[in-house]
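Written out below as C-alpha cells is the structure these notes cover.
The values are calculated or read from the model by the stated rules, or taken from the named source; none is laboratory data. These numbers come from a predicted model, not from an experiment. Don't worry about glycine lacking a Cβ; one is built from the backbone with ideal geometry, like all the others, and counts go over all protein chains shown.
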Amino acid sequence: MRPGFFAEGPLARLSREFGLLGPLSGTTEPWLTAELDQHAAAVRDSLSADGGRITHRSLTRYLHGFIDGCRERGWHSASDGYDWETLRVLAVCRLAKEHGFVR
C-alpha cells in the first residue's frame, strides 16, 4: 500500500458509496463535470483560506463538518438526483482520489 493511502476511513467509505452514483469513475456529462469542478474549487478555497493545504486530515475534517451541518438541516443522501449537498460530497471524494488518499 502506498504512503498516504487510507483503506478504511470516512473518505474511502464515502468515495466507495458515492462512487456508485457514477461520476467518480469514467466519463460524466459535461454539466456534472462543471458542477463538480466548481464544488472542488470551493472546497480547495475553504481549506486554503488560512494557509492550509489539502491533506487527508483536512479533507476528512471538512467532510465531517459538512456532513454534520447537512444532518442538522435534515439532509440525507437517500434522495434521487444530484442535489447541492451530494455534489459537494462527490467533489470532496474526487479531491481525495486526485490526491491519492483513496482509490
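What to note about this one:
- Here is the figure for region 45-57: residues that are surrounded by fewer than 17 Cβ atoms within 10 Å (Cβ to Cβ) and either β-branched (Val, Ile, Thr) or more than 17 Å from Ala12 (Cα to Cα) (or both) total 9.
Residue-wise test of (1) surrounded by 18 or more Cβ atoms within 10 Å (Cβ to Cβ); (2) aromatic (Phe, Trp, Tyr); (3) not in a helix (DSSP H, G or I).
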| site | (1), (2), (3) |
| --- | --- |
| Leu59 | yes, no, no |
| Gly65 | no, no, no |
| Asp68 | no, no, no |
| Arg71 | no, no, no |
| His76 | no, no, yes |
| Gly81 | no, no, yes |
| Arg88 | yes, no, no |
| Cys93 | yes, no, no |
| Ala96 | yes, no, no |
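- The C-beta contact set for region 27-39 (first residue under 11 Å from Ala91 (Cα atoms), second residue in a loop (DSSP other than H, G, I, E, B) and among the polar types (S, T, N, Q), distance under 8 angstrom, 6+ apart or interchain) comprises Leu36/Thr28.
- Restricted to region 14-57, and to residues there that are farther than 20 Å from Val102 by Cβ and outside any helix (DSSP H, G or I), the residue that is modelled with the lowest pLDDT is Asp50.
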